[in-house]
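The values are calculated or read from the model by the stated rules, or taken from the named source; none is laboratory data. None of the values given here were measured: they were computed from a predicted structure. All Cβ positions, even for glycine, are placed from backbone atoms using ideal geometry, and neighbour counts span all protein chains on display.
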């Protein structure tokens, strides 16, 4: 079944202020898309609006269903959320954390069965973290922690993943590893992802489309594979000003002009 | 003849010896007080009384009752809070109910005391801080601490000396002594019954050997089951402990929040001797709370004796003794069975 | 699966069973092991049967239940509030119950059942007020619960102070103080019959909700994104916690320290925070309180208020475990 996210005329409000204005965009299955923009452009607010954490007006349709009308649990079945950091106060087993992803699919008092636990082990293997399953989450590195959260999102079986700067706490090498893994997972499991990022170069390396935001509005969309270097440069300049674009081994990289 | 002269001389020598013997603290040697005089109160403070007090403030129900017994109610210009709680005032000195209130055992209304311009203030030792403050303002304060029978007698001596009522004070002490001895004689060699005293706030709250209530029981030749407890305040005990003690008689404190029936109907203790024999009584307080160290508190022991050993000391005899006491010292007719 | 929690549950259950037997044996009324045996086979004297079935057994059961409830709820609260210093006290249950009890003692005659009802109502009212204030505040976050708890606590404390001032120093004041120190000396079978069902039902639901509570240990946004309706679930959990604690506290008075230390001890022993570990916390709480009560009722003829014992015993245990470098599991 083809997954599709369609957003039309979306306004998002945060603490009574009108932050995101009249956004429209579409995404399809297996797409890895980025939301790019300077600080304060509204990308995190947009993400939270799609998630339903804050007030919105307008249309958000996921596979034909109107998201804002869904209940908390229903929403969680379709949309997964990975934030910058998952801070836990106390030690918690990695497996217990991943199992939380099953919550949207369980009745209020229903408990997790063995079959579902096995599924979790499989997903952990896919992400290469099965050896951490019995370990304390707090003892993991930043990259490993994020893989755990991604595993949880996969267990959640949501068709849309929303990621809010998930790589910001990681170093250069780990960032590449995580983003690469994410892309593989999307294709393998037929999901789509929308990720907010600061660094355009990572977006240019891994993403299919880049939505450029400024002052709460969507300025341009970069189709990374289709747009030529001149197009991409023009669009990026709308946000970042004096920049230049370099090509290396088939990918584009933004530098200061 | 020689023998008689010798005996007579001996008597005179003894008499002179008695007069010249140094007086103990609180004991009075002369019939009338001569002012100014220096008194040592029950905090150990030396207080100088210039002249016979005309305006007395009593911030303690025990000293207020004592002042009535010493026939000084007309000199009382201020008393403790909530006097309407005490039946004795309505019976013996109703005008006291109109007097201004000066505070409780926890807190004194200093301004009210000063406003009344007293010649003498009597307060419990618990209000030590207020006492010191009043002292600095030049007010004469006597602190009292009637924690046991000896201290009650001492309090009577101090107050009567300070107020020039030594005669009445002596007679009061002597009456208390007489009643105490009466119990001793009546109940000499008796098989002592065990008694459990249930406290005011809760039935499972009792008084140990160091508390005043223990004296009440022992004077009546009862054995306080809680005598092994050495705390100087009320303590909690468990049902099990009470079952272990298995008292012959259960006495409830005079201001108990719960009733005799509550105790008799409590299934947890139905196997105790006292409950089986329905030997549960409440200390009466229709005249005064006899389980507190008021001047009449010896009557509490008398009452308990009449409850523990009615064939040795009947309720009628008890009533007569109570009537005698109150008509002599409080000038009222009473009946314990009302 | 980490074997730690499971072993812990088994181990502490055994310990608790052992303590339970000691508790049957110990008390002011002399009963030796032979007597206990005879009582259980219904061949002992009526007096001994009365002592056991009407006093010692109900007291033991209630103490175990109380310890378990306080510690289990403590674990849940520390999880939801993401704060290792959280305890049943912070949601206003304790001060609300104290205010209710003080009110009964000063104004309603202080009879046992009246005080019990009053304390229970006081606790639930305090929580209700807490929830109401939090829901009306602009910020619907966790912080608003904490703040409203502080506000309600302050109100309850001032009510308690006022009632203490109005209390008759000769009897009511001491009553209030004793209530606030806690004690199980007045427990009989009939009193326990009211309390146990309510507590068990509340605990039952709390255990059913354990998955959601575990998710509440995450940030609010994350928890919501995982399908937990925080606006609905959090008040429900807090209400269940309050009912469980309130019904215990209404008969025993305030029992301090167990709700705070049970969770800590459990996490020191099994370095995890999961619903299984909360069970261990509950069992630890049960054991600690039972030990405390055994001492409180047997050392002298007079009962030592339970909160004195819990702190006296709990603190050294905590210090000891903190000193150990390796973990037991």
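Quick notes
- In region B:239-253, residue nearest to the other protein chains (Cβ to nearest Cβ) [restricted to those that are under 25 Å from the mean Cα position of the chain (by Cα) and buried (at least 24 other Cβ atoms within 10 Å of the Cβ)]: B:253
- Cβ-Cβ under 7 Å pairs, at least 6 apart or on other chains, region C:68-94 side at the interface with chain A (Cβ under 10 Å from one of its Cβ atoms), far side modelled with pLDDT under 90 and assigned to a helix (DSSP H, G or I): C:81/C:142; C:81/C:146
- Residues of region B:75-88 classified as in contact (Cβ under 8 Å) with a residue 24 or more places away in the chain and either surrounded by 15 or more Cβ atoms within 10 Å (Cβ to Cβ) or touching a helix residue (DSSP H, G or I) at 6+ places or on another chain (Cβ under 6 Å) (or both), total: 6
- Residue C:48 over 17 Å from the mean Cα position of the chain (by Cα), at pLDDT 90 or above and surrounded by fewer than 21 Cβ atoms within 10 Å (Cβ to Cβ): no
- Checking the stated criteria, residue B:299 turns out not to satisfy the condition of being farther than 21 Å from residue B:218 by Cβ and more than 14 Å from every other protein chain (Cβ to nearest Cβ).
- Residues that are in a loop (DSSP other than H, G, I, E, B) and either surrounded by 21 or more Cβ atoms within 10 Å (Cβ to Cβ) or more than 28 Å from the chain's Cα centre (by Cα) (or both) within region B:258-268 comprise B:265, B:266, listed in sequence order.
- Residue B:236 vs. criteria facing another protein chain (nearest Cβ under 7 Å), surrounded by fewer than 24 Cβ atoms within 10 Å (Cβ to Cβ) and at pLDDT below 95: yes
- Residue count, region C:218-262 (criterion: out of contact with any strand residue (DSSP E or B) (no Cβ under 9 Å at 6 or more places or on another chain), buried (at least 22 other Cβ atoms within 10 Å of the Cβ) and within 18 Å of residue A:85 (Cα to Cα)): 2
- The requirement of being under 18 Å from the mean Cα position of the chain (by Cα) and under 17 Å from residue C:290 (Cβ atoms) is not satisfied by residue C:24.
- Note on region B:145-169: residues that are on the phi < 0 side of the Ramachandran plot and more than 12 Å from the chain's Cα centre (by Cα) total 12.
- Restricting attention to region C:178-193, the residues that are modelled with pLDDT of 90 or more and either under 30 Å from residue B:80 (Cα atoms) or away from chain B (no Cβ under 13 Å) (or both) total 2.
- Helices (runs of 4 or more DSSP H) (entirely within region A:40-121) containing at least 1 residues that are out of contact with any helix residue (DSSP H, G or I) (no Cβ under 8 Å at 6 or more places or on another chain), more than 9 Å from chain C (Cβ to nearest Cβ) and crowded, with 18+ Cβ neighbours inside 10 Å: A:43-51
- Qualifying residues in region B:220-233 (those that are facing another protein chain (nearest Cβ under 8 Å) and out of contact with any strand residue (DSSP E or B) (no Cβ under 7 Å at 6 or more places or on another chain)) - the one surrounded by the most Cβ atoms within 10 Å (Cβ to Cβ): B:231
- Selection count, region C:44-66, where residues are more than 30 Å from residue C:247 (Cα to Cα) and more than 10 Å from every other protein chain (Cβ to nearest Cβ): 1
- Total residues in region B:60-83, condition within 14 Å of another protein chain (Cβ to nearest Cβ) and more than 16 Å from residue B:293 (Cβ to Cβ): 2
- Evaluating residue B:323 against the criteria (1) surrounded by fewer than 17 Cβ atoms within 10 Å (Cβ to Cβ); (2) not assigned by TED's automatic domain parsing to the domain that holds residue B:254 leaves one unmet condition, (2).
- Lone qualifier among C:120, C:205 - being at pLDDT 95 or above, within 14 Å of another protein chain (Cβ to nearest Cβ), out of contact with any strand residue (DSSP E or B) (no Cβ under 6 Å at 6 or more places or on another chain) and in a helix (DSSP H, G or I): C:205
- Lone qualifier among B:271, B:262 - being free of Cβ contacts under 8 Å to residues at least 40 places away in the same chain and out of contact with any strand residue (DSSP E or B) (no Cβ under 8 Å at 6 or more places or on another chain): B:271
- Residue match in region C:23-43 (condition: modelled with pLDDT under 85, surrounded by fewer than 19 Cβ atoms within 10 Å (Cβ to Cβ) and within 11 Å of another protein chain (Cβ to nearest Cβ)): yes
- Test: residue in region C:146-161 that is more than 10 Å from chain B (Cβ to nearest Cβ), touching a helix residue (DSSP H, G or I) at 6+ places or on another chain (Cβ under 7 Å), without any contact (Cβ under 8 Å) to a residue 40 or more places away in the chain and in a helix (DSSP H, G or I): yes
- Residue within region B:271-279 that is modelled with pLDDT under 90, surrounded by fewer than 23 Cβ atoms within 10 Å (Cβ to Cβ), within 14 Å of chain C (Cβ to nearest Cβ) and not in a loop (DSSP other than H, G, I, E, B) present: no
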